[in-house]
Every structure is written in C-alpha cells, then in structure tokens.
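Reviewing the structure listed below.
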Amino acid sequence: MESWNSTKSSELYGINEWGNGYYSVGTSGNVQVHPTKDRGKSLDIYELVSTLKRRGIELPVVLRFDQIIESRISEINNAFRAAIEAYEYGNRYRHAYPIKVNQQYQVVRAVQDAARNFEGALEVGSKPELIAVLAMLDRRGEVLLCNGYKDAEYLELAILGRKLGKRTIIIIEQPYELHEVLRVAEKVGVEPELGFRMKPLSRGVGKWEGSTGENAKFGLTSLELLNGARYLQQVGKIHCLKLLHFHMGSQVSSIVAIKRVMREAARMYVEVKKLAPDLEILDVGGGLGIDYDGSKTNSDCSVNYSVEEYARDVVWSIKTVCEEEGTPVPEILSESGRSTVAHHSVLVTEVTDVSIGKPALDFEPPEDKEHARAQELWQIFQSMSVKNLSESFHDAMSIHEECFSAFMQGNVGLDERAYVDSLFRATCVKAKLLSKQARRTPEELENGEKFFRDTYFCSFSLFQSLPDSWAINQLFPIMPIHRLNDEPNRRGIIADLTCDSDGKIDRFIDVKEIQESLPLHELSLEDPYYIAIFLVGAYQETLGDLHNLFGDANAVHVDIDQNGKAVLKTIVEGDTVREVLSYVQYNPQELIEKFRFSIETALEDESVTPEQAADLTAKFKRSLDGYTYFVK
Ligand SMILES: Cc1ncc(COP(=O)(O)O)c(C=O)c1O
C-alpha cells in the first residue's frame, strides 16, 4: 500500500483550493505560509508556533501576515487597472477599506501602508470609527467615506476633517441626514462633499442578501433619492453631491447577481448625474467574496468568480450603461473588506484533550445474570447481521429506552445502566457498519456519522475568536498544521473551552459537500497537537465576545524577510484575567482583599498552614495577570 504523504494531506484538506496561493503543505508535513505568494519563500507555521511557545507566547494565538494584506490590495487594484485598460475605461479605480471588517490598529496600519502605491480610502460606519480614522489619515487629500448613523457631533467632526486636508465624503443613508448635514455644515462654515446611498432592488446572493431590496436597513429608495437631489437643487447645494453608493451585502457568491446589481447602480448613476452634474464617483460597496471552501461555486462559503472577473464585470457594466446614455464614466470605488483581510489571519489552537467517540466493539457479556436488559441487549448485539439489521436495531433501541425508564423509577442501578448505555452505542456503530451492505438503513442511522467521531477539545473560545461560526454557521477551513506526512486516521469535531454546548464546530468545508467531522490524528502523549483555523481576518475579532470571560487571544504580526526568515513585527498580548474582570466591573484590588479575608479566616480555623496561605495568595495574584485560556 502506498504510504501517506504531504500531497495526500493537501488533497484531503483542500488547502491548494482555499489557500489561494498563501498556504500549502510542505514536504516536511507542516503547513507553510507564503505571505508574498512567492512559492519559493515560505514560513513553516508549526515552527513559528513552537518558537512563540518557547518565548512564552501561549496558544491560542492569532498569526497575522501583513504581507498578505499587501498582496490582496495589489491584486484588487491590479485587477481593476487591467480591466480599465482592457475596456479603455476613461476613469480610475479607488480601493476603500471599511474598517469595521477588522478595526485592530495594526491591521488598519497595515492596510494604509499597503495602499501607499495606489489610490486608497478608508470607510467608517460609526463615530468611534470616525474618530480613530480622522487621526490616522496622514496624507493630504486622502478619502474618508463616512457611513452609518450620524449625530451632530459625528457630522461636525467629519465636515471639519476637510479643514485638516482630508477628503471626507458624508454618505446620506437616511433622509433626515441630509437636512442635518447641511445645517451642521453651515454652522461650521465648511462646504461638505456628499454621497447618496441607494437601495438597489436587485438582490445579492448569499447570507447577506437582505442588504438590498426595499426593506434593506440602509439606503434611500428611488423616491427618496429623487427628492434628496431636488432638495439639494432647491437650496443651491447640488454641486456638493459627488458620490453614489450602494452595498449589495457581503460575500456575494454569484457573479450573475453582481452583474445585475451593477447595471441597476450604473443606470441610477446616469439618472442622478442628470440632476447633479458634479457627481463623479460610483461607490460599489463591498460584496467581493472569498472562497472559504475552495469549491469555486456559488455556495454560501464560496464564490464562482475571481477578483479579475469581478473587476471586469464591474468596469464593463458601468461603461456599457454610461455609453448607452452618453454619460462620462465615473471614478469607480469599491469598499472591499473581506477580500482584503480575510486571508491574512490564522488562529492556531492546541488540543487539550480528546474524548473518544467510537466505542470498542469487543464487548464482554454482562457479568450479572440478574441484569435482564443488559443480557437481552448483549444477545441482540451478538446476533445482529445484515439480514436482521432493522429489526435488531429497533429492538436494541427499545431496550435502551426501557432501561432508562427503569433507571428513572429506581428499578435499575448505575452499573446496569452504564453497561446498557455503552453497549447500545457499540450496537449503533455495528449497525452503521452493517448498513453499508444492507439494502435498507434504519432511518435513525442515516446521520450516524456521529457515532464514529471523537471530540477534540481545543484551547480557544468560539464566541471570542470565531463568532460567525456560532452565529451564522459560517464555515472556515480547519486543519492540523503538522504531522501531515502521517495519515489522519481519526475523525473528530472541535470543541472550545467555554462551558456552552454551542461552543463547538461540527460542520467542515469540503469541495464536494459539507462534512460533519474532520480527519485528525490520534493524540500523542508526548507531543502537542496544533490545529489552525484559516481565513479568519475578516469580521471575527471585534465581533467576538467575552463568553465565560475568555478574552482576546494573543496576536502576532509576522513578516517574511529577504532571506526567508520570520520577523516578529508586533506582539499584541491577549487579555489577562485582570483585564477581562475589569471589563465586567470587578475591581482586581478589591478581589485580592476579599480573597485575603478568606485566607485570614482559614488561618484562624487552622484549615490552612501559614505556608499554604502564602502560597495560595501568591497563586491568586499571579493568576490575575495570567492568560485567560488553558495553559499547559
Ligand atoms: C457599507 C458597507 N461597505 C462595505 C462593506 C464590506 O463588505 P465586504 O466585507 O463584503 O467587502 C460592508 C459590510 O457589510 C458595508 O456594510
């Protein structure tokens, strides 16, 4: 038999499909990252993690490869440049990064650095985001798109930003904002630049398709748009209207939907331009998706188009409509967030324990002759065959249920119940195996894969680091980062550290169909086992919460240098216990004092010795400054 190797692991986990050239399995059997997409330049993620551990940086850790952001921004810009050239489009493209997608300071900085060679912009959706970005924009004339709910303070800050040399464009998303923005502008004596956000009727495709249509949360209906433009004409401010915007929802999986909405937006641009001659930018929002499962289909976690196709279709649709109407083509701006930052982050976690799911089939008969249900189930288990599968399985089910009722009534003790429970599980496994040869499978066994899978407990919190997995069933590529020259001969699901039964991952990507378990290796007693969750750079970190008080994970920004060596640019320490407790209003000093009081009482009762008291106090204090996750 041919032995297992890294190529087979690559195929099994589909890394070459979803890795998009940034991730691969090396011949060493470890996952490699290629931050610049140059196959000849790679970092070994397992070695990187081992080094971090030696330096005292515990798992879970988020590895951020800023050079991947650079590569993504170049790819998106170059795709638009190529499309503009190919279709002789007479205007330019600008890439805007919506900071809500990942507002971490270092990530926004990395985006800004990467965008230096292109026409860049940032987009904000709230007052705190505006305040952060106003300070961070350091080049004159840099574009800042102001979205979201806007009070007078927000508007004033945004408009005054123009005095500081920033090109802030305030996007009107609700009719009331128009009057308010003109009032504030007059008060501060600065002429604003405005955008209108339209509500397209053409629907996106995917989990966020509700972002378009009449009932979408944001945007102006066609009537509101018309009234808004007329109002600006009446008050002599129509020259302020510079931009038309729409957002079709994130992760749009189908190119057909994109083309449809682009045509509608371009038509609207042409019509609004008739009323507002200074209109010059068409902002096509976000929606450019990424291929989480590598299937290149229009499934929710994939996309059936490339960045190049997206750019070509955007440029072509706008050009065609403008040409039909004889309207000059607008500058195109896209607010692509997910596709800019998703690839650059990897969450690495360590397996802390495994609970074996598949029971052994070599059962001994029950010792106690009085245990009638155990005896009966044993007979069924032994005699179950392909021929009598359905009948035997249903008999086994009723004995199992009967045993449980008898236990509840006090007629069966723990020893018989324990035997029957575990033999029943073994019966399910045997039945499932036999069902492969049987003509009919008992209905109850159709989703029987759960009998074979183990639970791998990992040090992380789904609610903190992967909220979309819990909230909207988003799938991410997951795989071990080492031992990939060995065949993974177990199947498992992933459970996090929270004591919440939802804190698990039991749906996994696959090119063909979603899997209910993941191929994994048997845990070795000596060596750690690391599993990574990939493509987590978009939306996960700040949407996360403090369930069970697990805080922010450690994060490390890593570059690859000219010689192919890892450079740890920034280490962002995760939350300490002290920090998460203060987020929920505990005062750590007061906690220490209260703890001391309990120690004094215990000393008085002589239930601890003075040495133990000293030791306990020191441990308590040390824990306050420790990591919130499981530390081995
Ligand atoms: C107004 C707006 N622009 C841009 C985006 C970013 O979208 P994406 O991450 O799909 O590029 C969003 C996110 O939903 C949004 O609401």
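Of note:
- For ILE170: the one exception among (1) touching a Cys at 6+ places or on another chain (Cβ under 8 Å); (2) not in a strand (DSSP E or B): (2)
- Among the residues of region 255-276, those that are within 16 Å of the ligand (Cβ to nearest atom) and open to solvent by less than 10 Å² (accessible area, probe 1.4 Å) comprise ALA257, ILE258, VAL261, MET262, ALA265.
- Qualifying residue in region 467-479 (condition: touching a helix residue (DSSP H, G or I) at 6+ places or on another chain (Cβ under 6 Å) and in a loop (DSSP other than H, G, I, E, B)): yes
- Selection of region 558-571 for residues being under 17 Å from GLN106 (Cα atoms) and surrounded by fewer than 16 Cβ atoms within 10 Å (Cβ to Cβ) yields VAL567, LEU568, LYS569, THR570, ILE571.
- Among strands (runs of 3 or more DSSP E) entirely within region 86-157, having at least 1 residues that are among the basic types (Lys, Arg) singles out 93-98.
- Of all residues in region 325-377, those satisfying the criterion of being aliphatic (A, V, I, L, M) and either without any contact (Cβ under 8 Å) to a residue 60 or more places away in the chain or more than 16 Å from the ligand (Cβ to nearest atom) (or both) are VAL329, VAL346, LEU347, VAL348, VAL351, VAL354, ILE356, ALA360, LEU361, ALA372, ALA374, LEU377.
- Set LEU225, LEU241, LEU232, LEU279: member being open to solvent by less than 40 Å² (accessible area, probe 1.4 Å), touching an Asp or Glu at 6+ places or on another chain (Cβ under 7 Å), aliphatic (A, V, I, L, M) and away from the ligand (no atom under 16 Å from the Cβ): LEU241
- Condition met for GLU156 (within 30 Å of the chain's Cα centre (by Cα) and open to solvent by 20 Å² or more (accessible area, probe 1.4 Å)): no
- Sole exception among (1) in a helix (DSSP H, G or I); (2) within 23 Å of GLY492 (Cα to Cα); (3) more than 19 Å from the chain's Cα centre (by Cα) for GLU17, by number: (3)
Table: residues versus (1) among the β-branched types (Val, Ile, Thr); (2) more than 16 Å from the ligand (Cβ to nearest atom); (3) buried (at least 22 other Cβ atoms within 10 Å of the Cβ).
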| position | (1), (2), (3) |
| --- | --- |
| ILE57 | yes, yes, no |
| SER74 | no, yes, no |
| ILE99 | yes, no, yes |
| GLN104 | no, no, no |
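- ASP500 being more than 22 Å from GLU17 (Cβ to Cβ), surrounded by 22 or more Cβ atoms within 10 Å (Cβ to Cβ) and touching a residue at least 24 places away in the same chain (Cβ under 8 Å): no
- Qualifying residues in region 496-529 (those that are among the small types (Gly, Ala, Ser) and closer than 18 Å to ARG483 by Cβ) - the one modelled with the lowest pLDDT: SER524
The values are calculated or read from the model by the stated rules, or taken from the named source; none is laboratory data. Treat the numbers as computed from the prediction; the structure is a model and nothing was measured. As a convention, Cβ positions derive from the backbone with ideal geometry for all residues, glycine included, and neighbour counts pool all protein chains shown. With ligands, DNA and RNA removed, areas are computed over all heavy atoms of the protein, side chains included. Shrake-Rupley method; radii C 1.70, N 1.55, O 1.52, S 1.80 Å.
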